[in-house]
Every structure is written in structure tokens, then in C-alpha cells.
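The values are calculated or read from the model by the stated rules, or taken from the named source; none is laboratory data. Nothing here was measured: the structure is a model prediction, and the numbers come from that model. Cβ: placed from backbone, ideal geometry, glycine included. Neighbour counts: every protein chain shown. Protein only, heavy atoms only, side chains kept; ligands, DNA and RNA dropped before computing areas. Shrake-Rupley method; radii C 1.70, N 1.55, O 1.52, S 1.80 Å.
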Amino acid sequence: MTEPGRIKRKNLIVVRAGDSSLHATFFKGSEVPRSWDLHVSYFGSAKAPPAIEGEDFTWSADGGKSKFCGLFTCFEKAPSFFKDYEYIAIPDDDLVGTKDDWNTAFALAREYKMAACQLSLNTRSFYSHNITLQRKGLRLRWVTVIEPIAPVIRADILQRLMPIFALPNNMWAIDDAISDL
């Protein structure tokens, strides 16, 4: 695990990233400071994920397993994430989102004391549930399901979900577990 000197924030994004990851988009947006740290759970072919000019992040090499098995390995290596952060997002690496998007998601999660939530998805996104797509004019809405592509989960609850992450072929099980919160 690489630990560059950085500011510790209340929120964390842990992205399982391959060589084509879009997580660099997370740093784009306004000049408002970000409210989150980034950890890259890397499974690409290089020795390390590429640097992002002017931005700090930590990373670990967690193999080419599925998203959730890889995240399980990542969190096993860094159990302090659960006590160091209030909310943790676990987006897919093909998700485009800005610093402002993530700041807003974390702020809303905290303001409404949510157990779990997600960024609403663009209609061009991969999605399974139409209810998770963006709706014009809405800042927040309550839904009955969360897509595994962009969840934001309270750290203590995410820690309780870890046994599910370790299960083989668990891609949809996590969808149901998060939605039952």
C-alpha cells in the first residue's frame, strides 16, 4: 500500500481500477476543495496506477479478481478505512464523475444520515434499474434499490457487508444486500 503525504478527509472513494480506469475524472470540476480521499485498488498490468498530476491518492495492488472480491482484499489490507472514514464510495472504474459530484453525494449522505445512497446515473450509463437514473430538477430522492456501480455507504455498514464481498460470484448479491439497508 502506498501512503503519500496527504490531508485526511471524512470520506473515502475506493475504486477498483484497471488500465482503462476513468477515475482521473473524479478530480475535475470546480476549485472547491474535495471532501474525500481516493484509494485505488489496482488490478492493471503496470506496476502501479498512473499518477494524476497535482492530486494525491493511495493505492494497493489487489489482483485481477472480481470487483467485490478485490475490494474485500483491499479492505483486509487496510481495516483502518472503516474507522478513519465516515462514508466510503466504491464506484466502478468506468464511471465518469467530478469532484463536485462526489462532494455533493457525500454531503447529502451526511445531511440526511443515510446508511447507503448513490450518485444518480446518466442515461448513457450502464444500469440495471431505471429508478437510479437522473431526473431533472431533483436534488435528492428516495429509491428502493442502489446500483453497485456508484454506491456511497456508511463505513460501519460497509464493514458489516464485507463477508458478502468475499463470496465467489457475488456481483448481484451485493446489490440486494445494499438495498436491504
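Which of the residues spanning the range 112-121 are exposed (fewer than 14 other Cβ atoms within 10 Å of the Cβ) and without any contact (Cβ under 8 Å) to a residue 24 or more places away in the chain? Correct list: LYS113 only.
Can you pull out every residue in the range 24-41 that is open to solvent by 10 Å² or more (accessible area, probe 1.4 Å) and either in contact (Cβ under 8 Å) with a residue 12 or more places away in the chain or touching a Leu at 6+ places or on another chain (Cβ under 8 Å) (or both)?
Looking only at the range 24-41, we keep the residues that are open to solvent by 10 Å² or more (accessible area, probe 1.4 Å), and these are 24-25, 27-35.
Of everything in the range 24-41, those that are open to solvent by 10 Å² or more (accessible area, probe 1.4 Å) and either in contact (Cβ under 8 Å) with a residue 12 or more places away in the chain or touching a Leu at 6+ places or on another chain (Cβ under 8 Å) (or both) turn out to be ALA24, THR25, PHE27, LYS28, GLY29, SER30, VAL32, ARG34, SER35.
Every condition in (1) among the polar types (S, T, N, Q); (2) surrounded by fewer than 17 Cβ atoms within 10 Å (Cβ to Cβ); (3) touching a residue at least 40 places away in the same chain (Cβ under 8 Å); (4) within 23 Å of LEU167 (Cα to Cα) holds for SER80 except the one numbered (3). Being open to solvent by less than 70 Å² (accessible area, probe 1.4 Å) and under 24 Å from GLY29 (Cβ atoms) holds for only one residue in ILE157, ILE153, and it is ILE153. Picking from residues in the range 93-111 that are crowded, with 19+ Cβ neighbours inside 10 Å and not in a helix (DSSP H, G or I), the one that is modelled with the highest pLDDT is ASP93.
Only one of ILE157, ILE149, ILE164, ILE153 is aliphatic (A, V, I, L, M), closer than 25 Å to SER60 by Cα, within 16 Å of the chain's Cα centre (by Cα) and at pLDDT below 90. Can you tell me which? It would help to see each step written out before you state the result.
Values: ILE157 fails: at pLDDT below 90; ILE164 fails: within 16 Å of the chain's Cα centre (by Cα); ILE153 fails: at pLDDT below 90.
Result of the check over ILE157, ILE149, ILE164, ILE153: ILE149.
Within the range 121-162, how many residues turn out to be of a type in the set (Val, Ile, Thr) and assigned to a loop (DSSP other than H, G, I, E, B)?
6
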